[in-house]
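Below is one structure, written out as structure tokens; the observations come after it.
The values are calculated or read from the model by the stated rules, or taken from the named source; none is laboratory data. Please read all numbers here as calculations on a predicted model, not as lab measurements. Cβ placement follows ideal geometry from the backbone for every residue including glycine, while neighbour counts extend to all protein chains displayed.
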Amino acid sequence: MTTGIELRDLRKKYDGHGGGAGAWAVDGVDMQIGRGQFVTLLGPSGCGKTTTLRMIAGFETPSSGEILRDGVDITDQPVTDREMRMVFQDFALFPNMSVAENVAFGLKTRRMKGRFDAAQIRRKVGEYLDLVRLGSHADKRPHQLSGGQKQRVALARALITDPEVVLFDEPLGSLDAHLRKVMQVELIRLHRELGKTFIYVTHDQDEAMAMSDAIAVMNAGKVQQFGTPREIYDRPTSRYVAGFIGHAHIVEATVADSGSSGMVVRLANGETVRLADPANVAKGASVGLMLRAEDLSLARPGEGELHGEVADSLYRGEYVEYVVELKGGAGTVHVHEPTDLEPFAHGAAVALKVNPQKAHVVGGAA
Amino acid sequence: MRAFGNRPFVISLASAVLLFLYAPLIVIVIFSFNDSDYTGLPFNGVTLRWYAELLSDSKILGSIWNSVYVGLGVVVLSVTFGLPAAIALERYEFPGKGLFRRIVMLPIVLPGIITGVALLSFYLTLHLRLSLHTIMLGQGTALMCITITEVFARLQQMGKSQSEAAVNLGANEWEVFRHVTLPGIKSSLFGAMLIAFSISFDEIAVTFLLTGRENTLPMTLWSLLRREVTPEVNAASTLIIAVSVILIVIGMYASRGKGAAGNGAH
Amino acid sequence: MTQATLTGAGAAPGLVLRSARRIERRRMLMWLIPPIAWFTVFMLVPYGLLFYYSLGHAEDMRFVPGLSLANFVKVFTAEPYLGVILKSARIGLMTAVFSAIIAWPLAFALAFHTRSAATKFAIYLMVIVPWWASYLVKAYAWKTILGTNGILNATLQGLGLTNEPVRLFLYNEFSVVLTLTYIFTPFAVLSIYAQLERVPTSMIEAAKNLGAGGWEIFRRIVLPISIPGVIAGGVITFSLAFGDFVAPVLVGGSDSLMISNIVINLLGVAFDWPMAAAIGLVIITLGLGLISLTGWLEEKTQVRL
């Protein structure tokens with residue numbers, strides 16, 4: 001019997017308007033989320049991540065497929081029974097209640113009758129408000145709070161009932177950049193302290209990478225790749241994931257040589273790149289060569305494997321971003337260089353040194 | 001800036017329209033003080049006797065009470081059956097939903113007389129005696145769509161988040177209704193109740209065929225207007241206008257805090 | 001395997017899995033059944049009864065049940081029925097159109113030319129008052145104004161434009177349309193205003209910024225956005241005016257009898273219940289059609305903002 005949450009071939013279709021065929025919002029999702037893990041569903045709008053989360057919570061009924069929890073099929077279980085508390089993107093605080101009353105809500109329902117007396121509830125409310133650092137705001141009304149404060153109330157409200165699983169639907173989406181970073185640290189801390197299963201939905205890849213034990217990159221209703229942040233970043237298994245995460249460019253190439261110690265790929269312009277990655281691809285196969293901006297460095301012509309011309313340079317504060325056109329129209333790449341380096345002029349001929357440990361190939365032809 | 005077009009031109013036309021709206025009412029008010037036995041010119045002098053006669057007319061006073069009674073009953077019925085309808089329409093899909101929606105809205109486009117005819121034949125078939133209660137049932141049916149429309153619009157505006165959060169926290173259906181739904185629709189519900197009561201108070205078309213021995217105010221006025229014997233009618237009209245003005249101003253200021261101004265309700 | 005012990009705080013031990021599907025359906029019925037029961041009893045059943053009555057005929061003040069559609073045929077072919085229905089429709093249409101035309105300037109000023117929120121609120125209030133003033137009072141007011149002793153005649157005589165009272169103003173179709181138009185103008189103002197308010201200020205400002213003149217803004221932005229709602233409001237005005245029986249009695253004459261008056265007569269002196277029922281059903285069917293038509297029209301022409 002597996003512990004944690006398992007999704008089996010989950011699908012969800014919405015009816016189209018006026019009798020036309022609807023779209024498959026979730027198109028066959030399989031996933032295993034272990035107990036106590038912090039798993040993020042990452043993808044652009046419309047990829048199905050929120051729909052999947054809502055099916056796990058019970059707000060949507062799957063068109064087909066199962067949701068299992070510790071081996072038990074809970075697909076038809078009512079939301080009320082699941083005890084998987086959700087933190088909503090628009091906070092969903094009850095405007096007619098105070099902060100304390102909002103937080104206490106989950107403890108005062110009929111199904112919780114008799115478990116806590118009034119004094120215990122008050123104590124717990126104080127405890128959880130302190131946990132999210134809102135102790136002094138207990139009697140305020142939601143409309144008197146800032147966005148970040150509201151989100152923390154929503155968090156306290158969800159956590160106070162001590163659920164095993166906490167679901168997050170893009171909770172930091174409406175907060176400003178600085179606050180978002182602060183809250184991310186808070187969430188990591190809470191996850192570590194409380195040891196619960198966190199299932200998180202976001203379109204922000206930096207957020208996903210920073211917080212998660214595992215990420216499911218989703219697109220068009222399907223999971224493109226499921227793995228640790230490092231795996232997703234360094235070893236994407238598809239062009240989509242490679243292009244979605246980080247600053248990467250895919251350059252077309254063919255496999256010139258491949259063996260147990262690595263491979264060599266040849267670009268359209270004839271130049272070759274050596275990779276330490278012994279991927280199982282046949283000689284002569286077409287692949288996409290993933291070159292991340294931070295894994296390339298510029299050098300004088302002749303001092304690197306690839307050659308090209310500087311088309312543009314953008315000052316990014318942390319680094320300078322060079323746009324380099326490869327020789328012979330083989331492709332375009334971006335290179336990040338430290339800002340204190342001797343700048344390369346517009347139109348200058350350059351060589352590119354490729355880090356063989358980091359270079360990576362992804363599937364077939366474009 | 002929102003304005004465009006020729007401002008003086010628009011303003012003068014608008015003023016003319018406002019004048020058009022108020023002129024007849026002002027005429028009535030003026031003539032309610034006319035010391036003449038006929039409704040109309042010449043204007044003889046100011047008198048309050050028509051008001052005195054009006055206020056001592058027991059038939060009119062009695063029908064005012066009847067109208068209040070019917071109005072309250074209509075409000076209770078609209079809320080009791082209209083609120084569940086609005087919730088069901090907003091939340092669920094069910095076979096025949098389109099038909100149900102059309103049937104609910106139908107009384108708005110039907111002449112009140114027709115609604116009255118249908119119900120009258122219903123009552124007569126059941127050998128029910130016509131009374132204030134038959135009026136109440138008829139008006140309730142016709143005015144239910146007001147409550148349904150207002151509450152439905154408010155529910156849509158509220159969105160699902162809060163009720164989803166409540167259910168997610170373990171609340172059952174009643175708890176969601178009590179802590180989330182009801183507080184959220186309170187202002188719309190109250191507004192709908194006020195509108196339903198006001199319309200019921202002035203309603204004559206549906207009432208016309210369903211009235212028994214007890215008359216509502218519009219029915220009493222109707223017989224008064226048909227006879228057109230004394231200018232008591234003008235006094236009655238003026239008082240009705242005055243009461244409407246007071247109630248409207250109170251109602252508008254009360255709901256203003258909820259951002260009612262600018263929502264063109266009909 | 002459906003027996004499960006749900007772990008985690010808050011769950012009672014040994015709980016059996018409940019079915020969301022069944023619970024949701026039960027809840028839906030809980031909300032649906034009372035209103036459906038009401039509408040069945042107080043609308044569907046009465047309409048069914050009307051149908052039953054309409055199939056029979058009246059003989060010597062008694063109802064004789066039957067199975068014939070003769071009454072319906074009469075509605076569409078015999079006088080006065082067809083003529084009165086068409087006349088009522090004509091009066092209804094004129095009322096809707098005229099009230100809309102008169103209402104436009106005021107609605108427009110309210111939506112676009114009020115400089116402060118307080119002014120807007122005050123004028124809004126001023127429009128609502130005539131709307132809520134009693135229906136009967138408003139109809140009666142015109143009777144007073146248009147009559148031989150009324151204000152209009154007095155003014156004309158006073159100004160020396162006529163020597164004796166003009167009888168033309170009252171007791172004809174003109175006075176009915178005038179009265180009904182007056183009664184529904186406030187509603188038209190509110191309904192048109194609601195539509196005009198929907199036009200975002202930023203859109204108007206953008207149009208001005210691009211060099212559009214007042215008329216152009218009106219024609220290409222304001223009109224398309226507001227027209228569907230205006231038409232919806234017009235449909236309601238049309239229906240209410242169509243079914244009115246007050247105005248024809250108070251200010252109308254023998255040439256301006258409307259369908260509701262006919263129905264009342266049929267139920268009273270004439271005692272032709274089956275005919276009244278038939279007319280009722282025809283109008284009910286037309287009403288259902290009208291609702292469907294407006295719904296479809298609104299979906300097709302509605303500009304989603």
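Some observations on this one:
- Filter result for B:Ile60 (surrounded by fewer than 22 Cβ atoms within 10 Å (Cβ to Cβ), over 16 Å from the mean Cα position of the chain (by Cα) and of a type in the set (Val, Ile, Thr)): yes
- Applying the criterion of being more than 12 Å from chain B (Cβ to nearest Cβ) and without any contact (Cβ under 8 Å) to a residue 40 or more places away in the chain to the residues of the stretch A:64-101, the residue that is nearest to A:Gly221 (Cα to Cα) is A:Thr75.
- Some residue of the stretch C:283-290 being assigned to a helix (DSSP H, G or I), more than 9 Å from chain B (Cβ to nearest Cβ) and in contact with a Phe, Trp or Tyr (Cβ under 9 Å, 6 or more places away or on another chain): no
- Among the helices (runs of 4 or more DSSP H) confined to the stretch B:1-102, the ones with at least 2 residues that are hydrophobic (A, V, I, L, M, F, W, C) and within 9 Å of chain C (Cβ to nearest Cβ) are located at B:7-31, B:58-91.
- Given (1) surrounded by 17 or more Cβ atoms within 10 Å (Cβ to Cβ); (2) touching a strand residue (DSSP E or B) at 6+ places or on another chain (Cβ under 6 Å), index of the condition A:Leu314 fails: (1)
- Positions within the stretch A:113-141 being of a type outside the set (Lys, Arg), touching a helix residue (DSSP H, G or I) at 6+ places or on another chain (Cβ under 7 Å) and more than 22 Å from A:His191 (Cα to Cα), in sequence order: A:Phe116, A:Ile121, A:His137, A:Ala138, A:Asp139
- Of the residues making up the stretch A:110-121, one or more are in contact (Cβ under 8 Å) with a residue 12 or more places away in the chain and touching an Asp or Glu at 6+ places or on another chain (Cβ under 9 Å).
- Filtered residues of the stretch C:187-213 (kept if without any contact (Cβ under 8 Å) to a residue 12 or more places away in the chain, assigned to a helix (DSSP H, G or I) and either buried (at least 18 other Cβ atoms within 10 Å of the Cβ) or more than 9 Å from chain B (Cβ to nearest Cβ) (or both)): C:Ser202, C:Ala206, C:Asn209
- The C-beta contact set for the stretch B:238-266 (first residue outside any helix (DSSP H, G or I), second residue at pLDDT below 75, distance under 8 angstrom, 6+ apart or interchain) comprises B:Ala260/B:Met252; B:Ala261/B:Met252.
- Of all residues in the stretch A:127-142, those satisfying the criterion of being under 18 Å from A:Met97 (Cβ atoms), in contact (Cβ under 8 Å) with a residue 12 or more places away in the chain and part of a helix (DSSP H, G or I) are A:Tyr128, A:Leu129, A:His137, A:Pro142.
- Search result, residues across the stretch C:214-241 that are within 26 Å of C:Ser292 (Cα to Cα), out of contact with any Phe, Trp or Tyr (no Cβ under 8 Å at 6 or more places or on another chain) and at the interface with another protein chain (Cβ under 8 Å from one of its Cβ atoms): C:Val235, C:Ser239
Yes/no matrix, rows are residues, columns are (1) farther than 30 Å from C:Ile279 by Cα; (2) out of contact with any Phe, Trp or Tyr (no Cβ under 6 Å at 6 or more places or on another chain); (3) modelled with pLDDT of 90 or more:
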{"site": "B:Val27", "(1), (2), (3)": "yes, yes, no"}
{"site": "B:Asp37", "(1), (2), (3)": "yes, yes, no"}
{"site": "B:Trp65", "(1), (2), (3)": "yes, yes, yes"}
{"site": "B:Val70", "(1), (2), (3)": "no, yes, yes"}
{"site": "B:Val109", "(1), (2), (3)": "no, yes, no"}
{"site": "B:Gly112", "(1), (2), (3)": "no, yes, yes"}
